[in-house]
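Written below as structure tokens is the structure these notes are about.
The values are calculated or read from the model by the stated rules, or taken from the named source; none is laboratory data. Just so it is clear, the structure is predicted and the values come from calculations on it, not from any experiment. Don't worry about glycine lacking a Cβ; one is built from the backbone with ideal geometry, like all the others, and counts go over all protein chains shown. Note: accessible area is taken over every heavy atom of the protein model, side chains too, but ligands, DNA and RNA are not part of it. Shrake-Rupley method; radii C 1.70, N 1.55, O 1.52, S 1.80 Å.
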Amino acid sequence: MTDAPESQKRALRAELRERRRIRTASEREREGTALTQHLIDLTSDLGARSIAAYLSLPEEPGTRDFVEWACENGIRVLIPVSRADGLLDWAPYDGSDEDEDLLGMPTPTSELLGPIAINSVDLIVVPAASVDRTGMRLGWGRGYFDKTLGSMENCPPVYAVIFDDELVDSVPSERHDQRVDGVVTPSGIVAF
């Protein structure tokens, strides 16, 4: 018996990583500026005063200018910190020092809050490899955000940040995979 969805996911993730790797610096800059504005618009439209977001890596769609804007505008920002047990702790971010968590993801050096700290936010901004038009999110394979979102009773709006070509007709999924409420791409905001 083959693990069809998982092997399909691995193949798609590899293709998406390669597409991200070959994006030019000028493409990244142009797309990053547009993404930042759309994330600001989304946050403002929702009246969010507290958000959970992430600090993008260089090959990811950029979130850092948005996170900086949120901090400068008095919006509380929580950044995920990966734990060995597959859960996420959260740390307040103010734009000062950064470190790396056990997966090498950028994190604040502020005090760690537990997994339930995310329950108090008004908007969750998550990374994704791809999202389909029903809101099914394909992550990068570790399940951290699926566990977090799947455990929340009163989940606020969740938006994935992706490049335009990563919004597709369908992605392989399994029972534990979580949908998002929308995506933010360089072209705009799409709600599902």
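Suppose all protein chains stay in the model; what accessible area per residue would a 1.4 Å probe give for the chain, in Å²?
Details: 9480 Å² over 192 residues.
Computed with neighbouring chains in place, this is 49 Å² per residue.
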> At q = 0.08, 0.19 Å⁻¹, what is the log10 ratio I(q)/I(0) for the chain, with the Debye formula run over Cα points and no solvent?
Replying inline: -0.23, -1.50
> Roughly speaking, what is the centre-to-centre gap between region 106-178 and region 23-42 when only Cα atoms are used, to the nearest Å?
Replying inline: 20
>> From the alpha carbon gyration tensor of region 57-163, can you work out the equivalent ellipsoid semi-axes (sqrt of 5 times each eigenvalue) and give them in Å, largest to smallest?
In response: 20, 16, 15
> Out of residues 5 or more away from residue 101 or on other chains, whose amide H comes under 5 Å of its own, with H placed 1.01 Å from N in the peptide plane?
Replying inline: 107
>> Below 8 Å, C-alpha to C-alpha, sequence gap of six or more: please give me the relative contact order for region 93-192 in percent.
In response: 27
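How big is the charge dipole of the chain about its Cα centre, in debye rounded to the nearest 20, if each Lys and Arg gets +1 on its Cβ and each Asp and Glu gets -1 on its Cβ? Could the numbers behind the result be given before it?
Working: 20 positive and 34 negative charges, 92 e Å.
About 440 debye.
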> What size of dipole, in debye to the nearest 20, comes out for region 1-76 about its Cα centre when the only charges are +1 on Lys and Arg C-beta atoms and -1 on Asp and Glu C-beta atoms?
Replying inline: 220
> For labels at residue 98 and residue 187 in the simple 7 Å Cα→Cβ model, what's the distance in nm?
Replying inline: 2.9
> What is the distance, in nm, between label points placed 7 Å from the Cα along the Cα-to-Cβ direction at residue 45 and at residue 21?
Replying inline: 3.5
> Among 63, 51, 36, whose Cα lies farthest out toward the positive end of the dipole of region 34-91, if unit charges sit on the beta carbon of Lys, Arg (+1) and Asp, Glu (-1)?
Replying inline: 51
>> Can you list residues from other chains, or at least 5 along the same chain, whose modelled amide H is less than 5 Å from the amide H of residue 130?
In response: 138
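For the chain, what is the relative contact order in percent, using Cα pairs closer than 8 Å and at least 6 residues apart in sequence? Intermediate results must be reported in sequence, preceding the final value.
On the way: 365 pairs, mean separation 42.1, N = 192.
Relative contact order of the chain: 22 percent.
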> Which value in Å is the Kirkwood Rh of region 147-192 over different Cα pairs?
Replying inline: 11.9
